[in-house]
Amino acid sequence: MATYATAIAIAIESKDPQLGLTTKQLCSLLEPHKTEVPIMVRSQNWRNGVRHTLSGNEGFYHKKNQSCLMPWRYVVEKLPKSTQSTLRKFQKLRQTEPDTDMVRWIV
């Protein structure tokens with residue numbers, strides 16, 4: 001089962017890891033899949049879980065600015081080992097199948 005860290009990293013990777021995603025963009029991207037992702041199904045406050053993971057996991061960062069819309073990015077080596085492994089598999093598959101659906105990687 002995916003963790004919030006895995007869901008966030010896969011979501012960022014599925015769009016553009018160089019640009020990153022804002023918290024709002026991440027939640028909007030994950031929202032349609034909340035009934036398919038076990039960790040999100042179990043919690044009505046899954047958005048808080050996303051925010052908590054972004055701010056508390058050293059694998060995610062964003063440049064400090066007065067705007068809260070700065071995009072989040074990740075450093076693979078600082079993510080949890082299970083997230084690193086899943087993310088690398090996802091990246092490898094996207095090289096040959098660019099339209100791979102992120103949902104199957106976060107359920």
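Annotation note: Cβ proximity below 9 Å between a residue of region 21-35 that is touching a residue at least 12 places away in the same chain (Cβ under 8 Å) and a residue that is of a type in the set (Phe, Trp, Tyr) and in a helix (DSSP H, G or I) (sequence gap 6+ or interchain) occurs for Cys27/Trp46; Leu30/Trp46; Lys34/Trp46.
Residues in region 1-31 that are under 13 Å from Leu87 (Cα atoms) and not in a helix (DSSP H, G or I): Ala2, Thr3, Pro17.
Checking Pro98 against (1) buried (at least 17 other Cβ atoms within 10 Å of the Cβ); (2) without any contact (Cβ under 8 Å) to a residue 12 or more places away in the chain; (3) not aromatic (Phe, Trp, Tyr): exactly one of these is not met. Which one? All conditions pass for Pro98, except number (1). Under 16 Å from Leu79 (Cβ atoms), out of contact with any Ser or Thr (no Cβ under 8 Å at 6 or more places or on another chain) and assigned to a loop (DSSP other than H, G, I, E, B), is that true of Glu58? Taking the combined requirement at face value, the residue satisfies it.
Tell me whether region 94-104 contains one or more residues that are of a type in the set (A, V, I, L, M), part of a helix (DSSP H, G or I), at pLDDT below 90 and touching a helix residue (DSSP H, G or I) at 6+ places or on another chain (Cβ under 6 Å). Explain how you work it out, then say what you get.
First pass over region 94-104, keeping only residues of a type in the set (A, V, I, L, M): 102-103.
If we keep only those that are part of a helix (DSSP H, G or I) too, we end up with 103.
Of the ones still in play, those that are also at pLDDT below 90 are 103.
Pick out the ones that are also touching a helix residue (DSSP H, G or I) at 6+ places or on another chain (Cβ under 6 Å) and you get 103.
Yes: one or more hits.
Restricting attention to region 63-89, the residues that are surrounded by 10 or more Cβ atoms within 10 Å (Cβ to Cβ) and at pLDDT 90 or above add up to 17.
Out of (1) in contact with a helix residue (DSSP H, G or I) (Cβ under 8 Å, 6 or more places away or on another chain); (2) in a helix (DSSP H, G or I); (3) among the polar types (S, T, N, Q); (4) free of Cβ contacts under 8 Å to residues at least 12 places away in the same chain, what's the single condition that is false for Ser43? Failed condition: (2).
The values are calculated or read from the model by the stated rules, or taken from the named source; none is laboratory data. Please read all numbers here as calculations on a predicted model, not as lab measurements. Backbone-built Cβ (ideal geometry, glycine too); neighbour counts: all protein chains shown.
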